[in-house]
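Reviewing the structure listed below.
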Amino acid sequence: MSATADIDDAAYTARRAAHARRKAMAPWLLMLPALIIVLIFFGIPTLYMVRMSFNLHIDQRLYVPGLTFEHYVNLFSNPLFTTAILTTIKLALIASLATVFIGYCFALLVWLKPARWRLLFIGLALAPLLISEIAIIFGWWMFFPKNGLLSYALIASGLVTNKVSLMYTEFAAFVGLVYVTLPYCFFILLSIFDGIDKRLLEASADLGATPFKSFREVMLPLTWTGILVAFSQSFIWTMGTYATPSALGPDTLWTMGFLIQEQMLGKHNWPMASALAVVLVIGVTGVMVVTRSMQSERNNFHV
């Protein structure tokens, strides 16, 4: 009898272990098709790009197979490249902070508004996503020049007496980047707000908290994850984009995207372009790791 019970216990334990293994494997099996697609269309080209960055560039040939660190040394010693890297980081950081601030305020407004207004605001946020980036650039070309809408609006309002032009300035590039990335940040933050019970604000007010204290002690901790995700999304986008800052900014605004295009198509230096792209990917990955670590620490703290 005891032997039979032991056999039943062993069989039950084996079934539980098999069930636990299947349960642990289920998420990976569901993600397997996406992982295969990412590996084929992103992983393999990335490895090829890394290998290309170590090739030689001799004469006017695109590349010569070899192994050299010259491109990375040149990347961090040549003022042309270091200035472009710093410019890209500065522009992406400022644009991302502004995007998160505007997106947070807009998402908070939509969250607090009655339901009948929600569809209107969401439609307004979706508008930039319905047209291409090139069409958006053409729109700003009609807004920023001396004979554009902005200049006439300022004159009509009496703020200025002469026509002004903001076209081909860093401010125009900044506005264009914010406009392109704002919808993504808005929807990320709105999804976070939708998971918060509005009665928490009422409870905070009943306990005597001021609106600022309610925001600092209640809303900010609950939306911190969304802020980090929205910032990382905006920063990644603005770091890698090429068309908007090149079309709206001045000729002296050299970003990493512009230099990659210049080295690849203009100077036919594929190894240097690949080295720039590798540094860009590493920088973006670093931002993702940092924001993820901050998100985990913040969540653990509040839990």
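S232 - would you say it is in contact with a helix residue (DSSP H, G or I) (Cβ under 6 Å, 6 or more places away or on another chain), under 30 Å from W254 (Cβ atoms), modelled with pLDDT of 85 or more and of a type outside the set (V, I, T)?
On the way: in contact with a helix residue (DSSP H, G or I) (Cβ under 6 Å, 6 or more places away or on another chain): yes; under 30 Å from W254 (Cβ atoms): yes; modelled with pLDDT of 85 or more: yes; of a type outside the set (V, I, T): yes.
Taking the combined requirement at face value, the residue satisfies it.
Taking the stated definitions as given, is F212 without any contact (Cβ under 8 Å) to a residue 40 or more places away in the chain and in a helix (DSSP H, G or I)?
Values: without any contact (Cβ under 8 Å) to a residue 40 or more places away in the chain: yes; in a helix (DSSP H, G or I): yes.
Considered against the rule, which asks whether it is without any contact (Cβ under 8 Å) to a residue 40 or more places away in the chain and in a helix (DSSP H, G or I), F212 comes out as yes.
Determine whether Y48 is free of Cβ contacts under 8 Å to residues at least 24 places away in the same chain and more than 20 Å from T241 (Cα to Cα).
Values: free of Cβ contacts under 8 Å to residues at least 24 places away in the same chain: yes; more than 20 Å from T241 (Cα to Cα): yes.
Considered against the rule, which asks whether it is free of Cβ contacts under 8 Å to residues at least 24 places away in the same chain and more than 20 Å from T241 (Cα to Cα), Y48 comes out as yes.
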Do we find that A273 is without any contact (Cβ under 8 Å) to a residue 24 or more places away in the chain, within 18 Å of I85 (Cβ to Cβ) and touching a helix residue (DSSP H, G or I) at 6+ places or on another chain (Cβ under 8 Å) in this structure?
-> yes
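Tell me the helices (runs of 4 or more DSSP H) entirely within the stretch 216-282 that contain at least 2 residues that are of a type outside the set (A, V, I, L, M, F, W, C), in the same structural domain as E170 (by TED's automatic domain parsing) and crowded, with 21+ Cβ neighbours inside 10 Å. Give the derivation first.
Values: elements: 220-240, 243-248, 256-261.
So the answer is 220-240, 243-248.
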Within the stretch 168-195, how many residues are touching a residue at least 40 places away in the same chain (Cβ under 8 Å), on the phi < 0 side of the Ramachandran plot and either of a type in the set (F, W, Y) or surrounded by fewer than 18 Cβ atoms within 10 Å (Cβ to Cβ) (or both)?
-> 8
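Which is touching a Phe, Trp or Tyr at 6+ places or on another chain (Cβ under 8 Å), surrounded by 12 or more Cβ atoms within 10 Å (Cβ to Cβ) and farther than 30 Å from R216 by Cβ, of L56, L91?
Working: L91 fails: farther than 30 Å from R216 by Cβ.
Selected residue: L56, the only one of L56, L91 that is touching a Phe, Trp or Tyr at 6+ places or on another chain (Cβ under 8 Å), surrounded by 12 or more Cβ atoms within 10 Å (Cβ to Cβ) and farther than 30 Å from R216 by Cβ.
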May I ask you to list the residues in the stretch 134-162 that are assigned to a helix (DSSP H, G or I) and farther than 16 Å from V180 by Cα?
-> L149, L150, S151, Y152, A153, L154, I155, A156, S157
Exception for V160 within (1) more than 25 Å from F138 (Cβ to Cβ); (2) in contact with a Leu (Cβ under 9 Å, 6 or more places away or on another chain); (3) without any contact (Cβ under 8 Å) to a residue 24 or more places away in the chain falls at (1)
Whichever residue in the stretch 156-167 is out of contact with any Ser or Thr (no Cβ under 7 Å at 6 or more places or on another chain) and hydrophobic (A, V, I, L, M, F, W, C) and, among such residues, is surrounded by the most Cβ atoms within 10 Å (Cβ to Cβ) | M167
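The values are calculated or read from the model by the stated rules, or taken from the named source; none is laboratory data. If you're wondering where the values come from, they're calculated on a predicted model, not measured in any experiment. Backbone-built Cβ (ideal geometry, glycine too); neighbour counts: all protein chains shown.
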